[in-house]
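Asks: Below is the structure I would like to discuss, written out as structure tokens.
No value in this document is a laboratory result; all are computed from the given coordinates. The structure presented is a predicted model; accordingly, all values stated were derived computationally and were not measured. Here the Cβ is made from the backbone with ideal geometry for all residues, glycine too, and neighbour counts use every protein chain on show.
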Ligand code: AMP
């Protein structure tokens, strides 16, 4: 398995695979890989002849006050995990391989990117859509794999692929969790031991909300109120948002009378973690 930093070399490799009639899967990541990423890679390996894992902390999806500089990185450990999972190639560019000094073209999206995480991170999804478009153009995969942990991101990528005719199949994969329910995340490494145990409140709130809805509650205010109180009882947690939105439009709903996404973002100190569940009704 090669680690390649040059977009042109990745293109050449993919061209050769194509010549041999092989199918190609892409798993976009920011590295510091864990079991959540691995589940995407394993699925991609099962469904494609060759799998490219991109490993790139994309500067343009971070706002100036965010954690770009401190975001954890460990390419050697990532390479081991990718090899174990059966990936064919890691694309690990430098920012300068992806962005010319006078880079000036962006992929922006209205609507879906404005609610939920878009409220606190107004430029984030522009950075995500732009880098994912570049990755799609460089790797030209048949299929690309994204985790449902980033539910808004998955919805946005699906919309972008439809709107811009990328012709790539987008596969959403289940959330992988720690034994105590915390969704696996590269950012969990920022947490102090106290914050780490407090962070289980996210999955506990999700379980509470889902349980209420399975018991027949459809009133968003009631479900969200109960989830918020549970989180507010945790002194180390500070809510960014807890929302119930229409699964397709990502607009807030008052009643869960159609498929909905319940999503939340909560700070533990400076670390912002997200979690969600989907209720189909
Ligand atoms: P990241 O490196 O955090 O940008 O994540 C890269 C991809 O892995 C995204 O599609 C994420 O949704 C997915 N991912 C991250 N954590 C998990 C998890 N715990 N379970 C499933 N997928 C995940």
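Asks: Since residue 109 meets every condition but one in (1) more than 16 Å from the ligand (Cβ to nearest atom); (2) outside any loop (DSSP other than H, G, I, E, B), which condition does it not meet?
Replies: Only one criterion is unmet by residue 109, namely (2).
Asks: How many of the residues making up the range 20-71 are part of a strand (DSSP E or B) and either within 14 Å of the ligand (Cβ to nearest atom) or out of contact with any strand residue (DSSP E or B) (no Cβ under 8 Å at 6 or more places or on another chain) (or both)?
Replies: Qualifying residue count, the range 20-71: 10.
Asks: Is it true that some residue in the range 125-137 is outside any helix (DSSP H, G or I) and touching a residue at least 24 places away in the same chain (Cβ under 8 Å)?
Replies: No, because not a single residue in the range 125-137 is outside any helix (DSSP H, G or I) and touching a residue at least 24 places away in the same chain (Cβ under 8 Å).
Asks: Right, another one. Being within 16 Å of the ligand (Cβ to nearest atom) and surrounded by 20 or more Cβ atoms within 10 Å (Cβ to Cβ) narrows it down to one of 182, 154, so name that one.
Replies: Going through 182, 154 in turn, just one is within 16 Å of the ligand (Cβ to nearest atom) and surrounded by 20 or more Cβ atoms within 10 Å (Cβ to Cβ): 182.
Asks: While we're on this one: So residue 175 passes all but one of these: (1) assigned to a loop (DSSP other than H, G, I, E, B); (2) more than 9 Å from the ligand (Cβ to nearest atom); (3) crowded, with 16+ Cβ neighbours inside 10 Å. Which condition number does it fail?
Replies: With respect to (1) assigned to a loop (DSSP other than H, G, I, E, B); (2) more than 9 Å from the ligand (Cβ to nearest atom); (3) crowded, with 16+ Cβ neighbours inside 10 Å, residue 175 is out only on (2).
Asks: Sticking with this structure for a sec: In the range 133-148, what count of residues is obtained for those that are crowded, with 21+ Cβ neighbours inside 10 Å and within 14 Å of the ligand (Cβ to nearest atom)?
Replies: Of the residues in the range 133-148, 6 are crowded, with 21+ Cβ neighbours inside 10 Å and within 14 Å of the ligand (Cβ to nearest atom).
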